Amino acid sequence: MGKYIIKRILIGIVIVISGALVAYAVIRCLPTSFIENLARQRASNPTSSKTYQEWVTQLTSVYGLDKGILAGFVGWLGDAVRGDFGESWEYGVPVVLKFKQVIGYTIILNVITLFVELLISIPLGIIAAKNQYKKSDYAITVFALMGISLPTFFLAILLKYVFCVKLGWFDMYGVTGRYYNQLDTIGKMLDIGHHLVLPVITLTMLSIGGLMRYTRTNMLEVLNADYIRTARAKGLPEKKVINKHAFRNTLIPLVSYMSYLIPSMFTGSLITETVYQIPGIGYISYLATTKGDIPFAMFYLTFTLILTQVSLLLADIMYAVVDPRVRIN
Amino acid sequence: MKEENKTNNIQASPSAEEKEMALDDARRVKVLSPGMLVAKRFFRNKLAIIGLVILVVLFLFAFIGGLITPYSQTQVFKGMDMIQKDYAAAVYNSELRYTMKEGETLSGSAKSQIALATSKGNDTFEADGAGYTLIPIGEDSYQITKLDAICTVLTSSKAMQVKEGETISDGLKSAINAALDAGQSQFSYGGVDYEVRMTGKKAEICKSVTLGIASKLVIDAYSADSEALVNSYDFRLECEKAYHNNKTSFTVDGEKYTLETDEDGDAIVYDAAGEAFAAASHIIVNPNGQGINLSIEFKMAARDAVEARTSSFTVPDASGSEVEYKMNVVNSNFYFTTMGSSELIRRFEAPSSSHWLGLDSNGMDVLTRLMYGGRISLLVGFVVVFVELFIGIIVGGVAGYFGKIVDNVLMRVVDLFNSIPFYPMAMIVGAVMDSLDISSTARIFALMFVLAVLGWTNVARTVRGQILSLREQEFMMATEATGIPVKRRIFRHLIPNVMPLLIVQATMNLGSIIITEATLSFLGLGLKYPLASWGSIINAANDIQVMTSYWYIWMPPGLLILLAVLGFNFVGDGLRDAFDPKMKR
C-alpha cells in the first residue's frame, strides 16, 4: 500500500508539472501588452527613478518572458515550488495573498452546497431504487436529467430573473449588501448567507442529478445482492433492510465518488460565481485570466491540477479504508 | 451479447412448431437481426422516443428553419421613427462679415487687423505694409478702403518720388501740391479719392480704393435667384446705408427697393413689385444638419423667436402645412428642433407577427439567429464528438490491445489530458484568442479543437477498459489462431464490440458538449458576433437591462439548449437500455 501511494504521488507530480508546462506554453502566446502597460504606469509614477524602457526590461526578466518557453517555465517552476507564484498583474498583490483572500467564499459556498446536495440526492436515489420502474422513479429520473441538462448559467439567470427581478427577494450581484459595514457580526453573517442562497440553490440543482443517479445505480446493485435477500428472508423489517444492510454497502462507491467532487468544488463553481459575481476563486480567476494575468492563471491552473491528483489519490485510499476487501497492488 | 440476443429469440419460439417447419421456411428464416432487436427495444422506450422527437424537431428547426426563414442571420432591421431632430441653430452675430467688391480680396491678416481696429474704435490700421481706412456706415458696419501709395512728396522742396509702375499726370500733380499747401489730408481728383499721410517731412500720397464692406449685419436673400445680387457689394452698400440711416428706400442699378424695419432691428427688403426680396438682421440662422435648406420665412420666424425667447413657433413648410419647431437655449446659442422621421435600428423590439421572438440588441431577428445558432451549436457538438471518438478509439484501442508498457505510457498521457482542468484552460485559450484578434470563424475551429483535445480521454478509457476484458475472450483467441493481422483484429473484431457502449457515451457527450460550448460562449470565450450560437445569444443577458426587460431574447435559446441536451440524454439512456437489456438504466 505504502509503495503504491508513493508511486501514485510520483506520477501525480509528473502529471502536474507536464500539465503546467502545457498551460504555460499556451499562455505564452499572449502578447506582452500587459507588461508594457504596467511599465508605462510605473514609469509615469513621479517617485519612479527608472524610465519606461528600464521598467519593461526589468518586468520582462522578472516574469521570465525574455527567455524561451522551456527556460521560462523552469524559472517559474523553481519559484512555484518555493511557494512564490509571483505578483498578480490584475490585482497588484502576490497571487498567494489574493488566493487566501478569496478562497474562503468558494469553500463556504461549496461546503454548504455539498451538505444540501447530500441531504437531497441520497434519499432521492434510495427512493428511486426502492421503487424501480414506478412513477416516483420516473419522476425522480426526469428531474435528475433536467438538472444535468440545464446549463449552469441559464439556471442561474433564470433564478435571478424570478427571485431578484420579479420577486425582489435577493440582490442580483455580490456577496454582501449595501449596508454590510454597518451590521454587527451576526448581521454580517446573515447578510452573506442571504446572498449565498441563490448560488447554493444553483449549484445544488445542477449536482443533485449526478449523485442521485449514482446512488440509485449502486443501491439497485446492492438490492439485488444475496445478503439482502437473506436479510429479507430472515424477516427483517424493510426499513432495516434498506437503511442498515443495503445503504451501508452503497457507501463504498459513494465515498469514492465524493473524493472526485473535491476538485470540482473549486473549479465547478466558476460559472455560478461569475454569474452571481461572488468574489470566490472561480470569479476572481475568470477576471484575471481573461485579462491575460499570467501569474494568476498559472497559479489557478496548477492549483486545480494538484487538487485533481490529490483527489484521485484520496479516492484510492478511501476505497481501501472503507472497504477492507480492497487491497491495492 | 449479440449472440445471446439471437439465442433468446430462437428459444422463444415454441419447439413444437419448429419441428413441423421446413429448414427454409420463411418464418424460420425471419429471425430479427441484432440491429433490428436493438431498434425494436429502443422504439419501445417512451422516454427515448420523446428524446428522438425533440432532436428531430430541433434539427428541422436549425437546418430547415434557416432555409425557410425570410431573414438572414446578420440582417439588421431598421425602421422610420418620429423623433425630435436638430433642425437649425441661431446665434447673435459677433463676427464681421465681408462683402468684397468684384475682383478685390482681403488677406487674413488684414481681416484680423480690422477686427482689432473696430474693437479699439480706430478707423485706420495697417496690414501687410499698406494702410487701410474704415469708413463707418453705421454701427458695426464699415466700408473698407485701401490706401495705395503712388508717390512721396517732400513737404519742403515739393520734390516728388513716383512709385514704380505709377504715372502721375500733371493735373494730379498740381492737385497734390494744392492739397499739401492747404494742409488737406484728403482730396479728390478725377473722381478718385486720394489721401495724404504725413510721416515727418515726407508726405505719402495714396490712392484710396474701396475694397468692400465689413459688417455684422446678416442679409439673406428670399430666393436663390436673387442671392448673387443680394451678396453683391453695390446692393449691400446701399442696403446697409439705408438700414443704418433709417431710410425706407434705396436704389441699386436703377431698381428701387423699400425697406421695412421692425423694432427688433430686423428688416425686410421689398423690391419694386412689392415682393419680399431680402432680409437683414443681426442674428445668424444656419441649418444644423446635412441636407437642410432653411427658408427665409423660417429664418425670420426663428429670429423673432430668439428675440422674444419663445420656446416654440410654427412655420409653414414648402407644401404649406404648419410645422412646429422647438427652441432650446444653450449659453448664447439657440437650437431649433423639429419632429422629423429618422431611420433607427429597431433594438429590442417585442415579439410581433413578423418577428416572432422580437429583435435583439443589434436589431436582428432573434428567431432567425436561433436557427443559425442552432446549426453551429449542433454542428460543434457533432464535430467534437467525432474527433473525440477518432482520437479516443485509436489511443484506447492500441493501449488496451497491446497492454504492458504501451498501455502504461498511453494511459499516463490520458491521465495528463484528463487532469488538465477544462474551464481554466479554456479561459486561457479564450484570452489568447482575444488578444490575437482571431476571426469569428476561426474561433469556431479553435473552440472545437480545444473541446476535443480536452475531452477525448473518456472515450479512450472506455475503449481500453472494454478491450482489456474482451481481449481475454475466446473469439479473440480464435482470431489469433487464424492468423488475422493485428490491425484487423483491433479494428474489425474488438472495436465493433465496443461500439454500442461508445455510441451511448457519444450521445450523452453530445449533450454535455453543447452545454460546454454554450457556457464558453456565454462567458465570452467562445463564439463572437456576428456569428451566433445558442450560448452567445444568451450572452446578451449579461447586460442587466436585457436580463430584466427583454426575456424574449435570452429565454428561448436557454430552453433550446435544455431541450437539445435533454433530447440527447433521453436518446442516450434509451440506447443504453436497448443495447444491453441486462444493464439497468
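The values are calculated or read from the model by the stated rules, or taken from the named source; none is laboratory data. Because the structure is a prediction, the values reported are computed rather than measured. Methodologically, a virtual Cβ is constructed for each residue, glycine included, from the backbone with ideal geometry; neighbour enumeration extends over all protein chains shown. Ligands, DNA and RNA are stripped out before the accessible areas are found, and what is left, the full protein with its side chains, is counted by its heavy atoms. Shrake-Rupley method; radii C 1.70, N 1.55, O 1.52, S 1.80 Å.
Dividing the mean sequence gap of close Cα pairs (under 8 Å, 6+ apart) by how many residues the stretch B:474-585 holds gives a relative contact order of 26 percent. Its relative contact order, with pairs defined as Cα atoms under 8 Å and 6+ residues apart, puts the stretch A:103-295 at 33 percent. Sorting A:309-321, A:202-214 by their mean Cβ neighbour count within 10 Å, with the most densely packed peptide first, gives A:202-214, A:309-321.
Of the trypsin sites (Lys or Arg not before Pro) found in the stretch B:261-362, the ones in coil according to DSSP and having at most 12 other Cβ atoms within 10 Å of their Cβ are B:R309. Relative to the longest principal axis of the Cα atoms of chain A, the long axis of helix A:247-267 makes an angle of roughly 20 degrees. For the stretch A:153-189, a reduction of at least 10 Å² in accessible area between the chain on its own and the assembled protein chains (probe 1.4 Å) is found at A:F153, A:F154, A:I157, A:L158, A:K160, A:Y161, A:V165, A:M172, A:Y173.
Here the relative contact order of chain A, from alpha carbon pairs under 8 Å that lie six or more residues apart, stands at 25 percent.
Computed 3J(HN,Hα) for the stretch B:119-131, one whole-Hz value per residue from the Karplus formula 6.51 cos²θ - 1.76 cosθ + 1.60 where θ = phi - 60°, is 6, 8, x, 6, 10, 10, 7, 10, 8, 6, x, 10, x, glycine and proline marked x. Using the Cα gyration tensor of chain A, with a ≥ b ≥ c the square roots of its eigenvalues, what is the shape: rounded (a/c below 1.5), prolate (a/b larger than b/c) or oblate (neither)? Cα axes put chain A in the oblate bin. Carbon-plus-sulfur accessible fraction, chain B (probe radius 1.4 Å, protein heavy atoms only): 55%. With 26 Å as the limit, the listed pairs B:K111/B:K326; B:K120/B:K299; B:K85/B:K528; A:K134/B:K40; B:K163/B:K202 have B:K111/B:K326; B:K120/B:K299; B:K85/B:K528 beyond it between alpha carbons. Relative to the longest principal axis of the Cα atoms of chain B, the long axis of helix B:170-182 lies at roughly 80 degrees. The portion of the accessible surface of the stretch A:277-316 made up by carbon and sulfur, rounded to a whole percent, is 72 (1.4 Å probe; DNA, RNA and ligands excluded). Answer rounded, prolate or oblate for chain B, using the Cα gyration tensor with square roots of eigenvalues a ≥ b ≥ c: rounded when a/c is under 1.5, else prolate when a/b is larger than b/c, else oblate. Verdict is prolate for chain B. Given axes a ≥ b ≥ c from the Cα gyration tensor, I'd like to know whether the stretch A:103-295 is rounded (a/c under 1.5), prolate (a/b larger than b/c) or oblate. Because a/c hits 1.5 or more and a/b exceeds b/c, the stretch A:103-295 counts as prolate. Using the Karplus relation 6.51 cos²θ - 1.76 cosθ + 1.60 with θ = phi - 60°, the per-residue 3J(HN,Hα) values for the stretch B:91-102 come to 8, 5, 6, 10, 10, 6, 10, 10, 10, 9, 5, 4 Hz, with x marking Gly and Pro. Computed over protein heavy atoms with a 1.4 Å probe, the accessible surface of chain B works out to 50 Å² per residue. In the protein assembly as shown, the calculated helix contribution to ellipticity at 222 nm averages -18500 deg cm²/dmol per residue, counting -39,500 (n - 2.57) for every DSSP H run with n ≥ 4. Association of chains A and B removes close to 4200 square angstrom of accessible area from solvent, both sides included, for a probe radius of 1.4 Å.
The mean number of partner chain beta-carbon atoms within 10 angstrom of a residue's beta-carbon across peptide A:283-296 is 3.
Note on A:I186 and B:N542: with the Förster distance fixed at 35 Å, the Cβ-Cβ geometry gives a FRET efficiency of about 0.55.
Filter the trypsin sites (Lys or Arg not before Pro) in the stretch B:214-249 to those in DSSP coil with at most 16 other Cβ atoms within 10 Å of their Cβ, and list the result. Passing sites in the stretch B:214-249 are B:K247. Evaluated with a Cβ-only charge set (Lys, Arg +1; Asp, Glu -1), the stretch A:103-295 carries a dipole of roughly 880 debye about its Cα centre, given to the nearest 20. Dipole magnitude for chain B: computed about the Cα centre from +1 point charges on Lys and Arg Cβ and -1 point charges on Asp and Glu Cβ, it is near 4880 debye. The C-alpha atoms of chain A define a longest principal axis, and helix A:135-149 lies at about 10 degrees to it.
Per-atom-type breakdown for the stretch A:1-44 gives carbon and sulfur 67% of the accessible area (1.4 Å probe, protein chains only).
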